[in-house]
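Some notes on the structure that comes next.
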Amino acid sequence: AQSVSQHNHHVILSEAASLELGCNYSYGGTVNLFWYVQYPGQHLQLLLKYFSGDPLVKGIKGFEAEFIKSKFSFNLRKPSVQWSDTAEYFCAVTSGGGADGLTFGKGTHLIIQP
Amino acid sequence: NAGVTQTPKFQVLKTGQSMTLQCAQDMNHEYMSWYRQDPGMGLRLIHYSVGAGITDQGEVPNGYNVSRSTTEDFPLRLLSAAPSQTSVYFCASSYGRFTIYYGYTFGSGTRLTVV
């Protein structure tokens with residue numbers, strides 16, 4: 001069975017600070033990795049994904065993530081956060097092409113202070 | 001193009017009552033799945049389906065039933081609601097073999113309270 005661990009449950013940053021949210025997964029085979037964002041009161045939206053090729057992937061809203069296979073990690077980064085980035089962030093993994101759904105981490109609640 | 005539609009948005013049930021959470025997608029997606037979201041727990045997979053007539057259990061299936069008679073619909077049934085099923089429920093769908101390229105699309109959720 002696969003699992004996902006997100007290291008930081010709550011993160012508070014000031015605007016313009018740099019962001020890095022940790023994500024580690026446990027699965028020995030081929031995986032596909034995702035970061036989703038949930039703004040207050042809304043449903044999940046896809047930020048970015050990795051399935052093959054360049055391990056540095058870029059997503060929407062200036063976010064990027066790096067897949068490091070040797071560390072089983074897929075950390076999310078943003079050079080300069082904005083107040084509107086306040087949200088819950090979820091790392092997720094699937095294997096086998098996604099047929100059996102997603103396994104999520106417990107999420108990181110990010111608060112950006114003006 | 002409505003995407004993934006969930007109804008109702010809010011529901012209060014009494015312990016022991018039954019109900020069905022509806023999920024419909026109009027994108028001709030093969031894969032569909034149900035998740036529950038609880039504080040500090042992230043989202044956990046309840047049931048999933050890879051096509052009409054095919055369903056399987058996820059991480060937390062107890063107390064829930066599903067069926068997939070059409071590609072578009074994937075209802076989640078609570079046969080006898082319990083307070084432990086108080087949660088926010090999300091339905092998601094994806095393009096089948098293209099899931100790894102496009103990810104899953106999520107509905108807006110159903111907030112269920114069991115008293």
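Taking the condition in contact with a helix residue (DSSP H, G or I) (Cβ under 6 Å, 6 or more places away or on another chain) and either buried (at least 19 other Cβ atoms within 10 Å of the Cβ) or under 30 Å from A:VAL57 (Cα atoms) (or both), does B:TYR101 pass? Full working, then the answer.
Details: in contact with a helix residue (DSSP H, G or I) (Cβ under 6 Å, 6 or more places away or on another chain): no; either buried (at least 19 other Cβ atoms within 10 Å of the Cβ) or under 30 Å from A:VAL57 (Cα atoms) (or both): yes.
No.
The number of residues in the stretch A:11-30 being in contact (Cβ under 8 Å) with a residue 60 or more places away in the chain and either within 14 Å of the chain's Cα centre (by Cα) or not in a strand (DSSP E or B) (or both) comes to 12. Pairs are defined by a Cβ separation below 9 Å, a sequence spacing of at least 6 or placement on different chains, a first member in the stretch A:77-90 that is away from every other protein chain (no Cβ under 14 Å), and a second member that is buried (at least 16 other Cβ atoms within 10 Å of the Cβ) and of a type in the set (Lys, Arg); the pairs so defined are A:ASP85/A:LYS78.
Does A:HIS9 satisfy the criteria of being within 14 Å of another protein chain (Cβ to nearest Cβ) and in contact with a His (Cβ under 7 Å, 6 or more places away or on another chain)? Quick ask: steps written out before the conclusion?
Values: within 14 Å of another protein chain (Cβ to nearest Cβ): yes; in contact with a His (Cβ under 7 Å, 6 or more places away or on another chain): yes.
Criteria met by A:HIS9.
Within the stretch B:50-71, identify whether any single residue is within 22 Å of A:TYR36 (Cα to Cα) and either in a strand (DSSP E or B) or free of Cβ contacts under 8 Å to residues at least 12 places away in the same chain (or both), and answer yes or no. The answer is yes; a qualifying residue exists.
Looking only at the stretch A:65-111, filter to residues that are assigned to a strand (DSSP E or B) and touching a helix residue (DSSP H, G or I) at 6+ places or on another chain (Cβ under 8 Å); which one of those is nearest to B:TYR48 (Cα to Cα)? Spell out the reasoning first.
Just the residues of the stretch A:65-111 that are assigned to a strand (DSSP E or B), to begin with: A:65-68, A:73-78, A:87-95, A:103-104, A:108-111.
Keeping just the survivors that are touching a helix residue (DSSP H, G or I) at 6+ places or on another chain (Cβ under 8 Å) gives A:78, A:94, A:110.
Numbers: A:LYS78: 33, A:THR94: 13, A:LEU110: 29 Å.
Residue satisfying both the conditions and the ranking: A:THR94.
Look through the stretch B:31-63, keep the residues that are in contact with a helix residue (DSSP H, G or I) (Cβ under 9 Å, 6 or more places away or on another chain) and buried (at least 19 other Cβ atoms within 10 Å of the Cβ), and return whichever of them is farthest from the other protein chains (Cβ to nearest Cβ).
Ranking the candidates gives B:ARG36 first.
Please go through the stretch B:73-115 and give me each residue that is over 13 Å from the mean Cα position of the chain (by Cα), part of a loop (DSSP other than H, G, I, E, B) and away from every other protein chain (no Cβ under 14 Å), ordered by number. Correct list: B:LEU79, B:SER80, B:ALA81, B:ALA82, B:THR86, B:VAL115. Listed conditions (1) closer than 21 Å to B:ILE100 by Cα; (2) in a loop (DSSP other than H, G, I, E, B); (3) without any contact (Cβ under 8 Å) to a residue 12 or more places away in the chain are all met by A:VAL57, apart from (2).
Throughout, read-outs are computed from the coordinates displayed, never taken from laboratory work. Remember, it's a predicted structure, so these values are computed and weren't measured experimentally. FYI the Cβ positions are ideal-geometry reconstructions off the backbone, even for glycines, and counts take in every protein chain you see.
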